[in-house]
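A.B. asks: The structure follows.
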Amino acid sequence: MSLSTCMNFSSAQQVTPKPQRYEISARASEIDPRVQSHPEINYLLETAGGRPADIQNAIVDTSVPQRGKLVIWLMSHNRGLFDRLADYGLHAIQVQYARSWFSICCKEKPVGPHCRGNIRLEAATGQDFSDEVSIPKPDGMMERAYQFVKWLQRSNPEGNWGQFLNSDQTGLNWEKVIVSGSSHGSTTAARFAKYVKVSRVVALCGPRDQYQAWQALPSATPANRYFGFSHVLDGGWKADHYCRSWELLGMNQFGPIVNVDTAKPPYQNTRRLITDFDVGGNEKRAHSSVQPGSSAFKNKDGKFMHEAVWRYLYTHPADVVGPAVPADSDCEKNQQQ
């Protein structure tokens, strides 16, 4: 466990710390001894070389105005993104949970219409939604996030993490939570939000889950709270996977697809954002280009060109929406394997 800031104490009393940025990391297995490896889906608490594989990360900056929202990131830690979330006045955590099933399960052809969706929901909740896996509560995203926030409230009270616990302290207050991820993580975030009402979903290069039916299920989270951003050369566009998910989720009710490279904030208040900047025809770069990192759009001086887009995705008022537009007749929604 580590804190990147030092706490100073006088002999008489604790010194009230100045507003500052806190970056915190801890192993899930040290926070909660119930967690375990799941080798059957290649989810391990340690690498083959004995290095920890369950380190979780958190950030908050108390020197900026706080928004009272917690972002839960469902992929590997992205330091560049977390720096920006803290700048926006958001709390953020990255949790390790049993999510490595994707390359192992639901590989049959044709795959069942709820196979992947049910596993995603089990991995997120730790409840029995799928016969394909067995992921207990301590290894699901919900419990990992809850235990991490409880630990953060004790270890970093200056960060005011307790505001995200529910009234009886038995779980998180999910209506204060933004669930977010890229690719696989963005798809699980959207599936989870169908089941649990959250403050917002931010889906980077996603969601997709072609051949699955969960996107059209009734949603606990209102449709205006789903936000997506992807590159048009991402493979998810070639077979209509992104446009399909976005429309089945109802995102077209709140604005057209907007190219952020030819528009300015607030992008017609839409929920569907795309970019077409030059990635040299590299589909893999396109896929990872919509989050801070080496593949992102930069100018000749190395400045990120999508700063306004990321801020919009995480902070634009959810009740400010664009005009409804018809579904795209060229986007194939009835996909079969």
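A.B. asks: I'm trying to understand the selection: among the residues of the range 260-293, which are over 21 Å from Tyr226 (Cβ atoms), not in a loop (DSSP other than H, G, I, E, B) and not polar (S, T, N, Q)?
C.D. replies: Asp261, Glu283, Lys284, Arg285, Ala286
A.B. asks: Six or more apart or on different chains, Cβ atoms under 6 Å: show the pairs whose first residue is in the range 206-219 and of a type in the set (Gly, Ala, Ser) and whose second is crowded, with 17+ Cβ neighbours inside 10 Å and not in a loop (DSSP other than H, G, I, E, B).
C.D. replies: Listed pairs, sorted by first residue: Gly206/Ser186; Gly206/Thr187; Ala216/Leu248; Ser219/Lys194.
A.B. asks: Please find, within the range 308-330, the residue that is farthest from Leu85 (Cα to Cα) out of those that are part of a loop (DSSP other than H, G, I, E, B) and in contact with a Phe, Trp or Tyr (Cβ under 6 Å, 6 or more places away or on another chain).
C.D. replies: Gly322
A.B. asks: Considering each residue of the range 17-41, count those that are more than 15 Å from Gly140 (Cα to Cα) and among the polar types (S, T, N, Q), and give that number.
C.D. replies: 2
A.B. asks: Only one of Arg116, Arg144, Arg120 is in contact with a Ser or Thr (Cβ under 6 Å, 6 or more places away or on another chain) and either closer than 18 Å to Arg191 by Cβ or of a type in the set (Asp, Glu) (or both). Can you tell me which?
C.D. replies: Checking each option against the conditions leaves just Arg120.
A.B. asks: If you go through the range 62-96, how many residues are closer than 21 Å to Lys150 by Cβ and either surrounded by 21 or more Cβ atoms within 10 Å (Cβ to Cβ) or among the β-branched types (Val, Ile, Thr) (or both)?
C.D. replies: Total satisfying the criteria: 17.
A.B. asks: Another question, then. Which one of these does Arg244 not meet: (1) within 16 Å of the chain's Cα centre (by Cα); (2) touching a residue at least 60 places away in the same chain (Cβ under 8 Å)?
C.D. replies: (1)
A.B. asks: A follow-up question, please. Among the residues of the range 112-121, are any in contact (Cβ under 8 Å) with a residue 40 or more places away in the chain, under 29 Å from Val290 (Cβ atoms) and either assigned to a loop (DSSP other than H, G, I, E, B) or among the acidic types (Asp, Glu) (or both)?
C.D. replies: Yes, there is a match, as at least one residue in the range 112-121 is in contact (Cβ under 8 Å) with a residue 40 or more places away in the chain, under 29 Å from Val290 (Cβ atoms) and either assigned to a loop (DSSP other than H, G, I, E, B) or among the acidic types (Asp, Glu) (or both).
A.B. asks: Right, something else. State whether one or more residues within the range 61-73 are in contact with a Leu (Cβ under 8 Å, 6 or more places away or on another chain) and farther than 25 Å from Leu204 by Cβ.
C.D. replies: No, every residue in the range 61-73 fails to be in contact with a Leu (Cβ under 8 Å, 6 or more places away or on another chain) and farther than 25 Å from Leu204 by Cβ.
A.B. asks: Can I ask one more? Residue check: is Leu172 closer than 14 Å to Trp73 by Cα and either in contact with a Phe, Trp or Tyr (Cβ under 7 Å, 6 or more places away or on another chain) or among the basic types (Lys, Arg) (or both)?
C.D. replies: Against the criterion (closer than 14 Å to Trp73 by Cα and either in contact with a Phe, Trp or Tyr (Cβ under 7 Å, 6 or more places away or on another chain) or among the basic types (Lys, Arg) (or both)), Leu172 does not qualify.
A.B. asks: When the range 211-259 is examined, which residues are found to be of a type in the set (Val, Ile, Thr) and either in a strand (DSSP E or B) or not assigned by TED's automatic domain parsing to the domain that holds Cys331 (or both)?
C.D. replies: Selection gives Ile257, Val258.
A.B. asks: Could you please tell me which pairs satisfy a Cβ distance under 6 Å, a separation of 6+ or placement on different chains, a first residue in the range 190-204 that is under 19 Å from Leu81 (Cβ atoms), and a second residue that is of a type in the set (Ser, Thr, Tyr) and part of a helix (DSSP H, G or I)?
C.D. replies: Val202/Tyr314; Ala203/Ser186; Leu204/Ser186
The values are calculated or read from the model by the stated rules, or taken from the named source; none is laboratory data. All values reported here derive from a predicted model rather than from experimental measurement. In this analysis, Cβ positions are derived from the backbone assuming ideal geometry, glycine residues included, and neighbour counts consider all displayed protein chains.
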